[in-house]
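The values are calculated or read from the model by the stated rules, or taken from the named source; none is laboratory data. No experiment lies behind these values; they were computed from the predicted model shown. When we count neighbours, we look across all protein chains shown, and the Cβ atoms used for this are built from the backbone with ideal geometry, even at glycine.
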Amino acid sequence: MDPSKPESSGTTKKWLIGCGIGCGAVILIVGLLIVGGVLFVKDMVKGFEESEALLKTLTETYGPVDEYIPEPDGELRAGRLEKFLEVRAAMRPVVEKLEQDFLYLADKRGTGDEDDSRGAGVLDKLRAGFGLVPKLAEFLTARNQGLLDAGMGLGEYYHIYTLAYYSWLRKPLMDGPPLNLSGDESGFRFQDWDEGDDEEMRRDMIRRRLHRMLLAILQNQRDKLNSAGIEVSEDWRRALESEIAAMEADRYRLVWQDGLPDVITKSLEPFRSRLETSYSPMINSLELTMGQR
């Protein structure tokens, strides 16, 4: 038995649950795998193996996420923001496909008891749900290949993503697909993100994940600033120290949640419209859960 296969299966399940698609979707996909046969399973695993290989190369080249060191003066260089947007553009084709699938799965039309097309409609949605798996692998592959092509590691990517979309543009942390697949003994149903306990648990999980990554990155930035001997404004130095202290005191704090320092805002401002256009609310949750383990 290939020891890598259970890990791949477990990884896929964790990704699906982490994305908020729900354990019902995992049961659904397992059932469809039995029907779909072995060939599709091989294709699915191959897709994730490709993204994993790219991730390994990224990590070997640029280091783990929490080892990324931003510019010590706080500026986001224009050239690096251009590279970030290049990665976003490279991901766009697969992002659009995922967005279309999520919108289709969220549409409840044609599923009424009196509708003669009910069976066909449900089957189409099951197929669409099943088809998400290889597209998730394609999403990871596109992002990781885009990062390699742009010469950017995941640490820098997440740093810019968080500062630009959450801390500056104030995008909702809980943005994600407009649906949840869940199952019970009566079958599968589509439901909105309105389960209070589940949403709170997801929010805490995402906050903690971002907190761990960004606190480590800010600490790296401070250490670099202290060792580099470069001259920076006292306002920036104090702001950085203050933000690190605030994050160390609150493990659920989002980085710069009280407002970005001027040096970062000035870096981002020329890219406002392009950053707005590059953001995908529906894919946001995938960005946060399908990263470096």
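How many residues, within the range 229-245, are assigned to a helix (DSSP H, G or I) and either buried (at least 16 other Cβ atoms within 10 Å of the Cβ) or touching a residue at least 60 places away in the same chain (Cβ under 8 Å) (or both)? Break it down stepwise before answering.
Taking the range 229-245 first, the residues assigned to a helix (DSSP H, G or I) are 234-245.
Filter again for either buried (at least 16 other Cβ atoms within 10 Å of the Cβ) or touching a residue at least 60 places away in the same chain (Cβ under 8 Å) (or both), leaving 236-237, 239-240, 243-244.
The number of residues fulfilling the criteria is 6.
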Inspect all residues belonging to the range 167-175 and state whether any of them is part of a helix (DSSP H, G or I), modelled with pLDDT of 95 or more and surrounded by 12 or more Cβ atoms within 10 Å (Cβ to Cβ). yes
Count, please, the residues in the range 155-177 that happen to be in contact (Cβ under 8 Å) with a residue 24 or more places away in the chain and either hydrophobic (A, V, I, L, M, F, W, C) or farther than 22 Å from Gly63 by Cα (or both). 15
Of Glu241, Glu248, Glu276, the only residue that is out of contact with any helix residue (DSSP H, G or I) (no Cβ under 8 Å at 6 or more places or on another chain), at pLDDT 95 or above and of a type in the set (D, E, K, R) is Glu276
Condition first: surrounded by fewer than 14 Cβ atoms within 10 Å (Cβ to Cβ) and either at pLDDT 75 or above or not charged (D, E, K, R) (or both). Now tell me which residues in the range 105-130 satisfy that. Gly112, Ser117, Gly119, Ala120, Leu123
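Quick grid of which residues meet (1) surrounded by fewer than 20 Cβ atoms within 10 Å (Cβ to Cβ); (2) free of Cβ contacts under 8 Å to residues at least 40 places away in the same chain; (3) within 25 Å of the chain's Cα centre (by Cα); (4) not in a helix (DSSP H, G or I):
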position: His211; (1), (2), (3), (4): yes, no, yes, no
position: Ala216; (1), (2), (3), (4): yes, no, yes, no
position: Gln219; (1), (2), (3), (4): yes, yes, yes, no
position: Ser227; (1), (2), (3), (4): yes, yes, no, no
position: Met247; (1), (2), (3), (4): no, yes, yes, no
position: Pro270; (1), (2), (3), (4): yes, no, yes, no
position: Leu275; (1), (2), (3), (4): no, no, yes, no
Where Met205 falls short, out of the listed (1) surrounded by 16 or more Cβ atoms within 10 Å (Cβ to Cβ); (2) aliphatic (A, V, I, L, M); (3) modelled with pLDDT under 90: (1)
